[in-house]
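Novice: One structure follows; several queries about it will come next.
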Amino acid sequence: MTEALFILVIVVVTALAFDFTNGFHDTANAMATSIATGALKPKTAVVLAAVLNLVGAFLSIEVALTVSNKIISIQGSNGAPIPELMGVPILTIVFAGLVGGILWNLVTWLLGLPSSSSHALFGGLIGSAIAALGLGGVKWDGVISSVVIPAFASPVVAGLVAALGTWTVFKITARVAADSREKGFRWGQIGSASLVALAHGTNDAQKTMGVITLALIAYGSWNPGEGIPLWVKIACALAIASGTYIGGWRVIRTLGKGLVEISSPQGMAAEFASAAVILSSSHLGMALSTTHVATGSILGSGVGKPGAQVRWGVAGRMVVAWLITLPAAAVVGAICWAVAHGIGGAAGIGLVFVVLVAAAGLMFRHSRKTKIDHNNVNEEWEGGLAPKSETAETRSTVSV
């Protein structure tokens, strides 16, 4: 195996690892409210989400094309890699960016923060591209139009739609007994949550498809005009579906219990709002954050219900995480590029890969100190991530 081929394999494996973390980090976007209201049992919810993410990944490629040619400037006007960057340099840029995205995903998962996997990926790629090529290595017009503007607009739009939908639902059903209303809307939530899971597959799985295709073009084994290889679509769909099945219970808990004490009518309104925004953006090729959309929708459902309690402190921590996601991942991406490029070739990339695996293992081990899974994800929120069943001693070991 040549050095370039070895590096390509490492890049593809790392990309699929990112896709996997994207899956378990974002399971909450589709299923948190349905789990919180009891519309779906936790394990049933993640299985349903995994299947629909798998299907959704094959429905569109617009977002994948955005990722492969609108973020970092390593391709000429014909779509082919710039000759002097062909091969290992581009692969190193892509690899370093992926590591930045994965590490940010794992840190925010550990803290139970629903941050954006998409912005973590873009931040990592932007940081590594700047470190390698300078500011000219980033297509800033594409970043602004396809990443930054949707980042600010999508949660606002989703929140407004969810608030209006929630207010309308409660207005129309004001004379219906609360128990009957809850029971009826739980059935509706199954459909709306399924639509969000399907929409998530059309948006998020494609981001990794675009990254792997970019790596294949850099290696010289794929032509820019040939679209996304079938095996890449299948591999990315399976990776994100597997991650979804694992269930990012820490993030599910924060979205389902930490923001709003949500009812079934609110949950259905929030989910339909999220699905509408995500599907529209996927059609337009906007690589938006499904996490931003889902969070905006849930907050909107709290605003739209008369007398609902919204935990703005939790929402504020999420917004801070959103704001620092892209720059934080960019810094990590830049550092990873510097280390991998400084050592050079397969040895540099191999060292960064080993550090990534070690860091992931340490974070997973730390997460076991306050275990959250399908058994306790719905316990009462007491101001922090730790479930009520955890002892005070156990809770004190984790800073959230």
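The values are calculated or read from the model by the stated rules, or taken from the named source; none is laboratory data. Quick caveat: nothing in here was measured; it's all calculated off a predicted structure. Positions of Cβ are generated from backbone atoms using ideal geometry, with glycine treated the same way; all protein chains shown enter the neighbour counts.
Novice: Scan the stretch 300-330 for residues that are closer than 17 Å to residue 18 by Cβ and aliphatic (A, V, I, L, M) and jot them down.
Specialist: 326, 328, 329, 330
Novice: Is there any pair with a first residue in the stretch 23-49 that is farther than 13 Å from residue 199 by Cα and a second that is assigned to a helix (DSSP H, G or I) and among the acidic types (Asp, Glu) whose Cβ atoms are under 7 Å apart and which are 6 or more apart or on different chains, and what are they?
Specialist: Pairs that qualify, where the first residue is farther than 13 Å from residue 199 by Cα and the partner is assigned to a helix (DSSP H, G or I) and among the acidic types (Asp, Glu), are 33/271.
Novice: Of all residues in the stretch 25-52, which are under 16 Å from residue 250 (Cα atoms) and touching a Phe, Trp or Tyr at 6+ places or on another chain (Cβ under 7 Å)?
Specialist: Result: 25, 46.
Novice: Give me the residue from the stretch 223-243 that is at pLDDT 90 or above and exposed (fewer than 15 other Cβ atoms within 10 Å of the Cβ) and, out of that set, nearest to residue 29 (Cα to Cα).
Specialist: 234
Novice: Another one. Which of the residues that make up the stretch 366-400 are modelled with pLDDT under 85 and of a type in the set (Val, Ile, Thr)?
Specialist: Within the stretch 366-400, 391, 394, 397, 398, 400 meet the criteria.
Novice: Would you point out the residue of the stretch 274-307, among those that are in contact with a Pro (Cβ under 7 Å, 6 or more places away or on another chain) and outside any helix (DSSP H, G or I), that is surrounded by the fewest Cβ atoms within 10 Å (Cβ to Cβ)?
Specialist: Restricting to residues being in contact with a Pro (Cβ under 7 Å, 6 or more places away or on another chain) and outside any helix (DSSP H, G or I), the top hit is 286.
Novice: Identify the single condition in (1) surrounded by fewer than 18 Cβ atoms within 10 Å (Cβ to Cβ); (2) polar (S, T, N, Q); (3) within 17 Å of the chain's Cα centre (by Cα) that residue 115 does not satisfy, given that it satisfies every other one.
Specialist: Every listed condition holds for residue 115 apart from (1).
Results for (1) crowded, with 24+ Cβ neighbours inside 10 Å; (2) in contact with a Pro (Cβ under 9 Å, 6 or more places away or on another chain); (3) modelled with pLDDT of 90 or more, shown as yes or no for each residue.
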| residue | (1), (2), (3) |
| --- | --- |
| 38 | no, no, no |
| 47 | no, no, yes |
| 62 | no, no, no |
| 73 | no, no, no |
| 78 | no, yes, no |
| 81 | no, yes, no |
| 95 | yes, no, yes |
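Novice: Next question, about the same structure. Any chance the stretch 338-358 includes a residue that's touching a Leu at 6+ places or on another chain (Cβ under 9 Å) and surrounded by fewer than 13 Cβ atoms within 10 Å (Cβ to Cβ)?
Specialist: Checking the stretch 338-358: not a single residue is touching a Leu at 6+ places or on another chain (Cβ under 9 Å) and surrounded by fewer than 13 Cβ atoms within 10 Å (Cβ to Cβ).
Novice: Under 6 Å between Cβ atoms, at least 6 apart or on separate chains: pull out the pairs that start in the stretch 232-258 with a residue that is in contact (Cβ under 8 Å) with a residue 40 or more places away in the chain and end on any residue that is outside any helix (DSSP H, G or I) and among the charged types (D, E, K, R).
Specialist: 249/373
Novice: Can you pull out every residue in the stretch 270-318 that is without any contact (Cβ under 8 Å) to a residue 12 or more places away in the chain and within 20 Å of residue 59 (Cβ to Cβ)?
Specialist: 280
Novice: Look through the stretch 359-374, keep the residues that are part of a loop (DSSP other than H, G, I, E, B) and touching a residue at least 40 places away in the same chain (Cβ under 8 Å), and return whichever of them is surrounded by the most Cβ atoms within 10 Å (Cβ to Cβ).
Specialist: Here the answer is 372.
Novice: Can you confirm whether the stretch 208-230 contains a residue that is among the hydrophobic types (A, V, I, L, M, F, W, C), without any contact (Cβ under 8 Å) to a residue 60 or more places away in the chain, under 30 Å from residue 5 (Cβ atoms) and in a helix (DSSP H, G or I)?
Specialist: Yes, because at least one residue in the stretch 208-230 is among the hydrophobic types (A, V, I, L, M, F, W, C), without any contact (Cβ under 8 Å) to a residue 60 or more places away in the chain, under 30 Å from residue 5 (Cβ atoms) and in a helix (DSSP H, G or I).
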